[in-house]
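To start, the structure itself, in structure tokens.
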Amino acid sequence: MSLLLLSWKNLMADKLSTLLSLILFALGVGLISLILLLNHQVEDKFEKNLAGIDLVVGAKGSPLQIILCSIFHIDFPTGNIPLKQANGLKRHPLVEKAIDLSLGDSYKGYRIVGTTPDYVNLYEGKIKEGKLWENTFDVTLGSTVAKNLELKIGDTFHGSHGYAEGMEHDEMDPFKVVGILEPNGAVLDQLILTNKESVWAVHDTHGTDPDSISIDDREITSMFLFFRNRMGNVQLPRMINENTDMQAASPAFEMARLYNMMGQGENLLKLLAIIIMVVSALSIFISLFKSLRSRKYELALMRVSGATPAWLFLLIILEGLIIAILGYVIGMILSHGGMELLSGYLTEEYRYEFTGWIFLKQEYIMFFVAIGIGLLAAIIPAILAFRTNISETLSEG
Amino acid sequence: MIRTENLNHTYDGNNTINFPDINLGKGEKMLLLGQSGCGKTTLLHLLGGLMQAKKGDITIGETRISGLSQSGLDKFRGKHIGIIFQKPHFVSALTVMENLLLTQKLGGLKSNKSEIKGLLEKLNIGHKSNSKTKNLSQGEQQRVAIARALVNQPDVILADEPTSALDDKNTEEVIALLEQQAAEYNATLIIVTHDNRLKERFQNRIEL
């Protein structure tokens, strides 16, 4: 009958209060861990997808919407910008590089992006099979798209207008899969890539002759800009916003704004989790304290049988620690399992992949905090047990 | 085996009781009689090392327990003294067997299930070894208490009103078992009681 086993049996003798303490502890730990996991992965995805883009130029509208739409492919475009104006910006001396994006179509929920091979290079995308698009209506698929839609090289499909299914461009030549990218964790995985001409061609069929539209009248959705130096960040946004019909959106600035907005909700959740942890510590304390009062004869008897005060102290401390450690483990299972479940929904909703199978440094730190809370909750009952006066206790009963 | 000299105890600073000297050899038994409040329980707690004597000497075997430190007393008590209380209390989360295993551990002895099993058989409660103690009858609980007092084969067994909660039939049985087992282990037995039913059985009696 080891000390640990005895602590365990004592806890199991009052299953209901033990369960309550455990549930509270696990909820607190799980909630904090879930917040950390979500936060880490969202920021990780965001960072990865920002890929050093200095400025995104789109049609006038919400700069955050431009960022969300062009970089993360979550929101809808604010409109289109004339290619001619966009090309004008590319010639600015402070601009080192630019990447055009033409959006507007999708296939079974995955967005079709008309762009240049630079876009793939930006995210260090690698070809797994086939090749990058060359001709109009050639497409190269992100890995998730290929996997989930079970598309192979040589397969063809019709895109649909907008981002929902149901408005297929049936009358057009179909897209033809010429290549599939390796999984790389950035937004590329979720996209169907082609050239700008393909996107234009699809939309030109609405009653116009493709050749009648000159390159000057072409439009794109947005453009990524990379500057030669930091002067670009100072001069260009103002110049674009004041002198053109276009809207400049700084990813760094907009993301900071977004984090700030998310941060409010996050802080509230963290506060809630901390309150739950405090209540759970209180619950451990109260149930130990209560059980101690009904067990005072037991403790005195163990002393009679030769237990030292330190032994009783450890017995009670262990009861607190067992709840803390078990609560931590259950909380981790809840948060990581929950994250894994949630990832299916998040992937569907935002086309981003999340996983429950990563462990963060903060979670290791939380283990020690959990142990600290267990100790704190058990210390007063343990001291009372330590001070058990055998003779007095036994004379009472 | 157990010897006291000039033992007294002072309550609340002024009320002092002087206890008669006790001198019992190995395997001897004695009844300590007295009405409630005469200091019976105090004497038992002093003899059992549950309380430290402030004046006088208690010697058990070769050890002067009135001179032991608190932790020394804890260790000595677990190994050499078995105590049976008026109301049997056990670790309620544990079964009869587990309670006795714990007693062995706390006494610093190796776990020995078969020995416990044998002891429970002799006390006619072998079939209860896997029951929780709270599911036992009073008589059965008192037998488990005897088993606990005996399991570490102590030199001295102290019993504080062991029969006060029992009916005549159980009193008879419990005392008989207690005497029998104490004799088997050759342990010195001291029973503190005001139960007149026990008077006839013991020649060696001290009235407080």
Legend entry - B:Asn130 open to solvent by 10 Å² or more (accessible area, probe 1.4 Å), farther than 21 Å from A:Glu396 by Cβ, away from every other protein chain (no Cβ under 12 Å) and assigned to a loop (DSSP other than H, G, I, E, B): yes
Legend entry - Selected residue [at pLDDT below 90 and away from chain B (no Cβ under 14 Å)] from A:Leu326, A:Leu272, A:Leu360, A:Leu258: A:Leu258
Inset, instruction - State which residue pairs qualify: first residue part of a strand (DSSP E or B) and inside region A:148-173, second residue among the small types (Gly, Ala, Ser) and modelled with pLDDT of 90 or more in any location, beta carbons under 8 Å apart, and separation of 6 or more residues or different chains. - result: A:Ser160/A:Ser106
Legend entry - Among (1) more than 8 Å from chain B (Cβ to nearest Cβ); (2) surrounded by fewer than 22 Cβ atoms within 10 Å (Cβ to Cβ) - the single one A:Glu319 does not satisfy: (2)
Legend entry - Boolean, A:Glu242 is free of Cβ contacts under 8 Å to residues at least 40 places away in the same chain, exposed (fewer than 15 other Cβ atoms within 10 Å of the Cβ) and assigned to a helix (DSSP H, G or I): yes
Legend entry - Residues located in region A:78-110, provided they are open to solvent by 40 Å² or more (accessible area, probe 1.4 Å) and closer than 30 Å to A:Lys147 by Cβ: A:Lys108
Inset, instruction - Out of A:Leu288, A:Leu334, report the one residue that is among the aliphatic types (A, V, I, L, M) and within 28 Å of the chain's Cα centre (by Cα). - result: A:Leu334
Inset, instruction - Within region A:163-183, track down each residue that is open to solvent by less than 20 Å² (accessible area, probe 1.4 Å) and under 28 Å from the mean Cα position of the chain (by Cα). - result: A:Ile180, A:Leu181
Inset, instruction - Please work out which residue is most open to solvent (accessible area, probe 1.4 Å), limiting yourself to region A:342-383 and to residues that are under 14 Å from the mean Cα position of the chain (by Cα) and of a type in the set (Ser, Thr, Tyr). - result: A:Tyr345
Inset, instruction - Could you identify the single residue in B:Ala159, B:Ala165, B:Ala147 that is more than 9 Å from chain A (Cβ to nearest Cβ), assigned to a loop (DSSP other than H, G, I, E, B) and either open to solvent by 40 Å² or more (accessible area, probe 1.4 Å) or within 24 Å of B:Ile190 (Cβ to Cβ) (or both)? - result: B:Ala165
Inset, instruction - Restricting attention to helices (runs of 4 or more DSSP H) lying wholly within region B:55-127, give those where 3 or more residues are more than 9 Å from chain A (Cβ to nearest Cβ), under 27 Å from B:Met1 (Cβ atoms) and open to solvent by less than 30 Å² (accessible area, probe 1.4 Å). - result: B:113-122
Inset, instruction - Given the conditions (1) within 14 Å of another protein chain (Cβ to nearest Cβ); (2) within 27 Å of the chain's Cα centre (by Cα), report the number of the one that A:Leu34 does not fulfil. - result: (1)
Legend entry - Tally of residues being touching a Leu at 6+ places or on another chain (Cβ under 8 Å), surrounded by 19 or more Cβ atoms within 10 Å (Cβ to Cβ) and aliphatic (A, V, I, L, M) across region A:1-26: 4
Inset, instruction - Starting from region B:99-118, keep only residues that are under 15 Å from A:Leu5 (Cβ atoms), then list their pairs with residues that are among the aliphatic types (A, V, I, L, M) and open to solvent by 60 Å² or more (accessible area, probe 1.4 Å) whose Cβ atoms are within a distance under 6 Å, requiring at least 6 positions of separation or different chains. - result: none
Inset, instruction - Evaluate the following for B:Gly37: is it open to solvent by less than 40 Å² (accessible area, probe 1.4 Å), assigned to a loop (DSSP other than H, G, I, E, B) and of a type in the set (Gly, Ala, Ser)? - result: no
Legend entry - Inter-residue pairs, beta-carbon under 6 Å, first over 21 Å from A:Thr144 (Cα atoms) and modelled with pLDDT of 85 or more and in region A:186-213, second hydrophobic (A, V, I, L, M, F, W, C) and surrounded by 18 or more Cβ atoms within 10 Å (Cβ to Cβ), 6+ apart: A:Ser198/A:Phe137
Inset, instruction - State whether the residues of region B:37-47 include one that is farther than 13 Å from A:Ile390 by Cα, in contact with a Gly (Cβ under 6 Å, 6 or more places away or on another chain) and not β-branched (Val, Ile, Thr). - result: yes
Inset, instruction - Have a look at B:Gly49, B:Gly13 and point out the one that is surrounded by fewer than 21 Cβ atoms within 10 Å (Cβ to Cβ) and either at pLDDT below 90 or not in a helix (DSSP H, G or I) (or both). - result: B:Gly13
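Out of region A:55-76, which residues are part of a loop (DSSP other than H, G, I, E, B) and open to solvent by 40 Å² or more (accessible area, probe 1.4 Å)?
Of the residues in region A:55-76, the ones part of a loop (DSSP other than H, G, I, E, B) are A:60-62, A:71-76.
Residues satisfying the conditions are A:Lys60, A:Ser62, A:Ile74, A:Asp75, A:Phe76.
The values are calculated or read from the model by the stated rules, or taken from the named source; none is laboratory data. Model, not experiment: these values are computed from the prediction. Every residue, glycine among them, receives a Cβ derived from its backbone with ideal geometry; neighbour counts consider all protein chains shown. Protein only, heavy atoms only, side chains kept; ligands, DNA and RNA dropped before computing areas. Shrake-Rupley method; radii C 1.70, N 1.55, O 1.52, S 1.80 Å.
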